[in-house]
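J.: Pasting a structure here, questions to come.
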Amino acid sequence: MQIEAVPPRRHLPPLLKLALELGPLVIFFLGNAYAERFGVAPEQKLFVATGVFIAATVVALAIHFALVRRLPIMPLVSGVVVVVFGGLTLALQDKTFIMMKPTIVNTLFGLVLLGGLAFGKSLLSVVLDSMFTLTEEGWRKLTFRWGMFFLLLAVINEVVWRTQTEDFWVSFKVFGIMPLTILFALAQTPLLLRHERKGEDAGRA
């Protein structure tokens, strides 16, 4: 009996993947920043921005799926929370829901990663749709670091949205959280290099 070869898993080019994941957030910022120029009352800006954020998120997920026929867990879960909590924000006219969305998403990912470690499972490669090939020790260390970082982001979001203005919170999501995440990811490069599987070990991973 002939066994059919399994087609290789397709991945998006890094820049396109980044654009699809961060694009909706940038659109959210622009919607909030320029809504007043289109006659939107200041107190309604965040609702308008939330509406375009939901639409942009759905479009980004649809494009991702159309290109690779699958959706990575992290953007999918984040997208579902955006739609649900953004929808509640618009339906109930309560901005609390969209402001708490980053807290919920980051707490969820942090607890999943750290909870997996507690049961001996390094789930980071699943959560981040990772293309890295690391040793078991490398995955454990990287998973712990990202789990703690996600929880830190949740705490930061709670502090910012509860103590600052709406405009500051929206801007901080783009110009604060994004750079922090990029810097943290880059800071893990020595660990990735130190625990990278090579040669035959990579083939057996």
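The values are calculated or read from the model by the stated rules, or taken from the named source; none is laboratory data. Every value quoted in this text rests on a predicted model; they were computed, and no experiment measured them. Because the Cβ atoms are built from the backbone with ideal geometry, glycine has one as well, and the counts that use them run over all protein chains shown. To get the accessible areas, we keep the full protein, side chains included, count just its heavy atoms, and leave off ligands, DNA and RNA. Shrake-Rupley method; radii C 1.70, N 1.55, O 1.52, S 1.80 Å.
J.: Compute the distance in nm between two label points, each set 7 Å from the Cα along the Cα-to-Cβ direction, one at Ala41 and one at Leu18.
T.: It works out to 4.1 nm between the two label points.
J.: Using 13 Å as the cut-off for backbone N distance, which residues of region 23-51 belong to the label zone defined by a point 7 Å from the Cα of Phe168 along Cα→Cβ?
T.: none
J.: Would you mind working out the magnitude of the charge dipole of the chain relative to its Cα centre, with +1 at each Lys and Arg C-beta and -1 at each Asp and Glu C-beta, to the nearest 20 Debye?
T.: With Lys and Arg at +1 and Asp and Glu at -1, about 360 debye.
J.: Among Trp139, Gly116, Leu153, whose Cα lies farthest out toward the positive end of the dipole of the chain, if unit charges sit on the beta carbon of Lys, Arg (+1) and Asp, Glu (-1)?
T.: Positive-end residue among those listed: Trp139.
J.: Taking the chain as a Gaussian network, where each spring joins two C-alpha atoms under 10 Å apart, which residue of Gly39, Gly147, Gly116 fluctuates the most?
T.: Of the options given, Gly39 has the highest mean-square fluctuation.
J.: How much of the accessible area of region 27-176, in percent, comes from carbon and sulfur atoms when a 1.4 Å probe is used?
T.: 70
J.: Checking the cross-link filter: which lysines have an alpha carbon closer than 16 Å to that of Lys101, excluding same-chain neighbours under 8 positions apart?
T.: Lys173
J.: Also, I was wondering about something else. Over the chain, with the other protein chains present, what is the accessible area per residue in square angstrom, probe 1.4 angstrom?
T.: Per-residue accessible area for the chain comes out at 58 Å².
J.: To continue, here is another question. Helix 45-68 versus the longest principal axis of the chain: what angle, 0 to 90°, nearest 10, using Cα atoms?
T.: Taking the Cα atoms of the chain, the angle to 45-68 is about 30 degrees.
J.: Using a Gaussian network for the chain with springs between C-alpha atoms less than 10 Å apart, which of these wobbles most: Arg37, Arg140, Arg69?
T.: Result: Arg37 has the largest fluctuation of those listed.
J.: A further question follows. Under the rule of at least 5 residues apart or a separate chain, name every residue whose amide H is placed under 5 Å from the amide H of Leu134.
T.: Close amide H contacts, sequence-distant or interchain: Arg197.
J.: Would you kindly state how much longer the chain becomes between Val84 and Leu180 on full extension, computed as 0.36 nm times their sequence separation minus their alpha carbon distance, in nm to one decimal?
T.: Extra length from Val84 to Leu180 when fully extended: 32.0 nm.
J.: What are the extents of the Cα atoms of region 29-119 along their three principal axes, in Å, largest first?
T.: 52, 31, 21
J.: Based solely on its DSSP helices, what 222 nm [θ] is calculated for the chain when runs of n ≥ 4 H residues each add -39,500 (n - 2.57) and the sum is averaged over all residues, nearest 500 deg cm²/dmol?
T.: Calculated mean residue ellipticity at 222 nm is -23500 deg cm²/dmol.
J.: Only Cα pairs within less than 10 Å get springs; with that Gaussian network setup on the chain, which residue of Phe119, Phe144, Phe172 has the largest fluctuation?
T.: Highest fluctuation of the listed residues: Phe119.
J.: Rounded if a/c is under 1.5, else prolate if a/b beats b/c, else oblate: with a ≥ b ≥ c from the C-alpha gyration tensor eigenvalues square-rooted, which is region 140-181?
T.: oblate
J.: Compute the long axis of helix 14-34 from its Cα atoms, compare it with the longest principal axis of the Cα atoms of the chain, and write down the angle in degrees, 0 to 90, nearest 10.
T.: 10
J.: Starting from the Kirkwood radius over alpha-carbon pairs of the chain, derive D by Stokes-Einstein at 4 °C in a medium of 1.567 mPa s and give it in µm² s⁻¹.
T.: Result for D is 70 µm²/s.
J.: In addition: Might you report the magnitude of the Cβ-based charge dipole of region 81-155 about its Cα centre, with Lys and Arg at +1 and Asp and Glu at -1, to the nearest 20 debye? The partial results should precede the final answer.
T.: Working: 6 positive and 4 negative charges, 22 e Å.
That gives a dipole near 100 debye.
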